[in-house]
Amino acid sequence: MHERFPRVAKTANATPEVAAFFDAATSTLTYVVTSPESNQCTIIDPVLDYDEASASVGTASADNVVRYVQENSLSVDYILETHVHADHLSGAHYLRRLLGGLVGIGAEITGVQSTIAEIYSDSSPLARNGSQFDVLLEDEHRLAFGSLDIRVLHVPGHTPGCVAYLIGDALFAGDTLFMPDSGTARCDFPGGDARRLYRSIQRLLGLADTTRVFVCHDYQPNGRSLQYVASIQTHRDHNIHVNQTVSEASFVTMRRQRDATLGTPKLMLPSLQVNVRGGNFPRHPITGEPILHLPVNKLGAVGTRDIEDIFPRQHERVDAMD
Ligand SMILES: [Fe+2]
């Protein structure tokens with residue numbers, strides 16, 4: 001069960017060391033942040049490898065993080081998610097077993113769990129109280145972390161439960177900001193809201209000019225090399241979607257038009273059911289083995305017909321099979 005942490009008062013103006021790990025299959029960045037003059041670290045947005053065709057998982061991405069932690073003799077305080085990712089499976093559950101640490105996510109995970117439970121229906125019963133995580137983090141929550149603290153900023157828009165983490169001068173923005181030449185992430189997932197995203201970003205742009213913003217994805221537009229960090233000042237001046245010349249109304253119009261052209265992320269259905277469980281899998285009710293569910297016509301990519309019109313509900317008889 002999750003715990004509530006007391007707030008701690010520390011001045012966090014130091015520069016933590018940040019190691020970045022890029023998962024090329026999903027263009028995701030995982031970070032290991034080490035508190036200055038300590039061996040304490042926090043892992044942010046770890047990835048579990050997943051092959052869609054064979055429904056098989058691997059740990060090469062996560063094991064890169066394990067190796068780094070072990071080679072540098074670090075101890076893991078936290079494994080933090082910025083949100084329920086729809087494009088990759090989380091490696092948090094796997095890393096926690098190997099390295100320890102408390103798995104945390106924004107407190108609004110409970111609402112996201114309710115939304116996602118509707119998609120999977122009875123195929124995959126899900127506790128909707130956040131109990132799959134160790135810590136549920138509210139806006140302005142502070143976690144003690146070595147000589148620094150971790151400030152939690154609730155930044156809804158891409159999803160309603162998104163949070164960003166400010167650790168010293170390093171901001172881990174999740175999918176709230178992409179690199180300046182890529183702009184921002186989509187807002188058309190369940191509970192997404194372009195207006196809320198614009199306001200969340202304005203709050204981030206109010207942080208100190210020199211704050212280093214680390215993004216969760218880089219899709220390397222036009223074949224440019226990987227980039228994952230830019231200052232708040234650079235975003236204010238150059239982010240193509242939210243620089244200081246862009247109004248809320250024009251951002252919302254741009255975002256809605258663009259989102260209407262985007263397809264369903266390839267790993268959305270496997271990802272959501274794992275990520276609302278903190279990187280753990282649904283389990284077969286009899287064997288206890290990990291299993292995934294593919295609810296049909298819940299995301300509507302091909303058409304909008306109700307599945308009941310095509311395949312009316314029926315209950316298969318299993319008692320006469322032999
Ligand atoms: Fe995302």
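Any read-out appearing in this document is the output of simple, stated calculations on the displayed coordinates, not a laboratory observation. None of the values given here were measured: they were computed from a predicted structure. Ideal geometry is used to build each Cβ from the backbone, glycine not excepted, and the neighbour counts take in all protein chains shown.
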At R0 = 25 Å, how high is the FRET efficiency between E248 and E52 if r is their beta carbon distance? Nearest 0.05 is fine. 0.10
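Give me the orientation-averaged projected area of the Cα convex hull of the stretch 82-195, in nm², one decimal. Let's see the in-between values first.
On the way: hull surface 33.2 nm².
So the Cα hull casts an average projection of 8.3 nm².
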Run the dipole for the stretch 17-308 about the Cα centre, Lys and Arg Cβ at +1, Asp and Glu Cβ at -1, nothing else charged, and hand back the magnitude in debye, nearest 20. 460 debye
Restricting to the stretch 17-308, compute how many DSSP beta bridges are antiparallel as a %, nearest 5. 70 percent
Under 19 Å from a point placed 7 Å out from the Cα of R67 along the Cα-to-Cβ direction: which residues of the stretch 80-117 have their backbone N that close? 91-92, 94-96, 98-99
Largest-first semi-axes in Å of the equivalent ellipsoid built from the Cα gyration tensor of the stretch 130-252 are 23, 18, 14
How many percent of Cα pairs in the stretch 185-252 exceed 21 Å? 29 percent
I want to check the label-to-label distance for T110 and T15. Put each point 7 Å from Cα in the C-beta direction and report it in nm to one decimal. 4.1 nm
Along the stretch 39-56, what does the Karplus equation 6.51 cos²θ - 1.76 cosθ + 1.60 (θ = phi - 60°) give for ³J(HN,Hα), rounded to whole Hz, x for Gly and Pro? 10, 8, 10, 10, 9, 10, 6, x, 10, 9, 5, 8, 9, 5, 4, 9, 6, 10
Whole angstrom only: what separates the Cα centroid of the stretch 138-156 from the Cα centroid of the stretch 175-220? 18 Å
On each of the three principal axes the extent of the alpha-carbon atoms of the chain, given in whole Å and largest first, is 69, 47, 38
Label point distance in nm, R313-A127, each placed 7 Å from Cα along Cα→Cβ: 2.7 nm
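Given a cut-off of 20 Å, what percent of all Cα-Cα pairs of the stretch 215-322 lie beyond it?
So the portion of pairs separated by more than 20 Å is 69 percent.
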For the ranges 240-251, 98-109, what's the packing order if you count other beta-carbon atoms within 10 Å of each residue, average per peptide, and put the highest first? 98-109, 240-251
